[in-house]
Each structure stands twice: as C-alpha cells, then as structure tokens.
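The values are calculated or read from the model by the stated rules, or taken from the named source; none is laboratory data. Everything numeric here is computed off the predicted structure, so don't read it as measured data. Don't worry about glycine lacking a Cβ; one is built from the backbone with ideal geometry, like all the others, and counts go over all protein chains shown. Surface areas here come from the heavy atoms of the whole protein model, side chains and all, with no ligands, DNA or RNA. Shrake-Rupley method; radii C 1.70, N 1.55, O 1.52, S 1.80 Å.
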Amino acid sequence: MVDVRIDMHVHSSESDGTDTPAGVVRTAVAAGLDVVALTDHDTSAGWAEAEQAVRESAPPALRLVPGAELSCESSDGRGGTVTVHLLAYLFDPDSPALRDEQLRLRAERRGRLEQMARRMADDGFPVDPEALMAGLPPDSPGGRPHLARALVEGGTVSTVSEAFDRYLGTHAPYYMPRTDTPVERAIRMIADAGGTTVLAHPFAVSRGQTVTAEVITELAGHGLRGVEVEHPDHDEPARHRLRELVAELGLVPTGGSDYHGTNKNIRIGSENTPPDSLDRLLGDCTGSKIIG
Ligand code: AMP
Ligand code: FE
Ligand code: FE
Ligand code: ZN
C-alpha cells in the first residue's frame, strides 16, 4: 500500500500558530506530508499565501485543503453547554452569512483578549494590552496563546502551557468566555457555503468538559460529516470509543496534529487521516478547491 500522509488540522500565524501560511506549507513539505489542511481559528485569511506557496513549487510538493476551525457552542449532553471546535473544509469564504459570522467572532476574540490582558496588567502582571493587540495582524482572531506568549516573554511563566494551567485555562483566574456560534448553525452555514464539517477533538478530556456520544449522534443528524478521531489530546481509550461511534453512525474518521508552531509541543504530521477518508469527506464539496 502506498503510504499517503495527510494532516487535516494545522494553524498558522493568521490565528494562533507561529509559522506563516507559506511557512506551514514549507514545514509540511519538509515533514514529508502529501496533503495538509490549513485550519486557522475563525479565518480564511491565510489561504491565499498558502495557495501561492504550493503553486510556486512545480510540480506541487503537496496538496493543500483550504479550511478553518470554527469556535462553536454546543450542548454537552449533560444539561450544560460547552465550547466545541468544528473543522470546516472547502467552503466558499465569500458566502455572506459565513463571512459576517466570522467577522463577528474575530472582533469578539480580539475584544476578549484585550480585556483578559487588561485585567492581568491591572493586577500587576508584565503585559501591555496595547502592545499585545498591536502585534497581531489586522482583523485576526487573537487568542489565549498570544497572551500566554506575552507572559512567557515577561518572565511570569516559563511555557505557554504553564500560562494556561495557572492563569488562562477554562478554570483559571483570568479566563473569559466568548459568544460562539451554535454548532448546528455553523454546520448548516458551512454546508450552505458548499463545504463540509468535522467535529474537532471531541474527547479531548485535558481541555475540560467535552460532549457525550449522544451529542455527536445528534450533530450527525444535523449534517456533521466527520469526527477527528486521531488527535494528540485523545488517549487510546478515547480513540477507540470514537472509532466505534464513527463507524456506527456512518461518519468519516479523520486525524490531525493541531500543529501550532512553537506555541505547542506537537510536530506537524504527528497524527494522520486515513487516505480513504479524504475522498469520502471532500468528494461532494463545491465551495472551493483543493490546491495542487
Ligand atoms: P482561545 O481560542 O483564545 O479560547 O484559546 C484556545 C487555544 O489555546 C486553543 O486553540 C489552543 O491553541 C490553545 N490551548 C488551549 N489549551 C491549551 C493548553 N493547555 N496549553 C497550550 N495551549 C492551549
Ligand atoms: Fe489554537
Ligand atoms: Fe481546536
Ligand atoms: Zn486547532
């Protein structure tokens, strides 16, 4: 069997990764990947640069799947609500409903990030909210990793992950929530824009509360096409349960590294999507095209 390596979950500096979009393509080529999906949080701003990087190498060194990771709100299946991430692929980024919602989310992310930084500065931490915000690309989806890096640079903590544990995690003192898109609505918006959706890292227990299997079953009824089974935050029992559930529901299993450059200790391509999943997942998409 030909060994095809596919990583369907990767971030660039257009959201909270540290490689530029072209840098992501170079890193993916160097790692020997055949297919990489660019899935920045709540933006498609990195697509053009990544596409150009693929086109500049003739013949193309890999194929690029344009995508995004949408911040959504979902029932957790236990009577509460929880933030879930939806990986979206090959949608039309100019679809008006989607464009407006992503614009709203990015503005909200930036406002919230500045407020978190402001609260820490008021409490005497060495962060400058204005400088932090000025350092982000215009209209970009700022996130907690940016503040975490500022805390590392200011000497408050030694790693991004320590910043999450002590200050920024869901149950930590400076965490602030966002108003995310209801997940059923996000699934529909992406379908209407010619794309397809995969529920990201649903059993990543390390991030706090996650959804139950019943919620995934319901989302499948709303048009969810796949589930990210292989993810660094899933332990082997979680992967096993998800593989069974996905098979039972006729969903497509995927895998991705959730590479964030030096903001996380994860290599690109460290998790993979089965080759036959790619066609099942993307075969019917009409919103945009695979590059390369
Ligand atoms: P936000 O989008 O601002 O809510 O921040 C969430 C992002 O922070 C995720 O997409 C990850 O990139 C990152 N993240 C979440 N938890 C951790 C953690 N424990 N350590 C490092 N990065 C994290
Ligand atoms: Fe992230
Ligand atoms: Fe995520
Ligand atoms: Zn991600």
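Modelled label positions at Arg243 and Ala97, each set 7 Å beyond Cα in the direction of Cβ, lie 3.7 nm from each other. Quarter the surface of the alpha carbon convex hull of segment 78-186 and you get the mean projected area, 8.2 square nanometres. Split the accessible area of the chain by element, probe 1.4 Å, and carbon with sulfur accounts for 50%.
Once all protein chains are placed together, Tyr175 keeps about 60 Å² accessible to a 1.4 angstrom probe.
Extension gain, Gln115 to Arg178: 0.36 nm times the residue separation minus the Cα-Cα distance gives 21.5 nm. Consider a paramagnetic label point 7 Å from the Cα of Thr212 along Cα→Cβ; state which residues of segment 61-96 have an amide N under 17 Å from it. In segment 61-96, the label zone of Thr212 (backbone N under 17 Å from the point 7 Å along Cα→Cβ) covers 74-83. Among beta bridges from DSSP that stay inside segment 1-145, the antiparallel ones total about 45%.
Take His240: with every protein chain present and a 1.4 Å probe, its accessible area is about 100 Å². Measuring between their Cα centroids, segment 164-192 and segment 10-84 lie 18 Å from each other.
Give me the accessible area per residue for the chain, probe 1.4 Å, as a whole number in Å².
Working: 12660 Å² over 292 residues.
Per residue, the chain has 43 Å² of solvent-accessible surface.
In this label model, His222 and Asp279 are separated by 3.1 nm, measuring between points 7 Å along each Cα→Cβ vector.
Three semi-axes describe the equivalent ellipsoid of segment 40-126; taken as square roots of 5 times the Cα gyration tensor eigenvalues and ordered largest first, they are 31, 20, 13 Å.
At 222 nm, what value in deg cm²/dmol follows for the chain if DSSP H runs of at least 4 each add -39500 (n - 2.57) and the sum is divided by all its residues, to the nearest 500? Before the final figure, lay out each step's value.
Working: 10 runs with 108 residues, N = 292.
Calculated at 222 nm, the ellipticity per residue is -11000 deg cm²/dmol.
Counting only DSSP beta bridges whose two residues both lie in the chain, roughly 40 percent are antiparallel.
Normalised by the empirical 2.2 N^0.38 Å for globular proteins, what value does the Cα Rg of the chain take?
0.96
Sorted from greatest to least, the principal axis extents spanned by the alpha carbons of segment 135-292 come out as 48, 38, 31 Å.
Please identify the longest segment of the chain free of exposed trypsin sites (Lys or Arg not before Pro), where exposed means a DSSP state other than H, G, I, E or B and no more than 13 other Cβ atoms within 10 Å. It would help to have the intermediate numbers written out before the result.
Working: sites that count: Arg78, Arg267, Lys289.
My reading of the result: 79-266 is the longest stretch.
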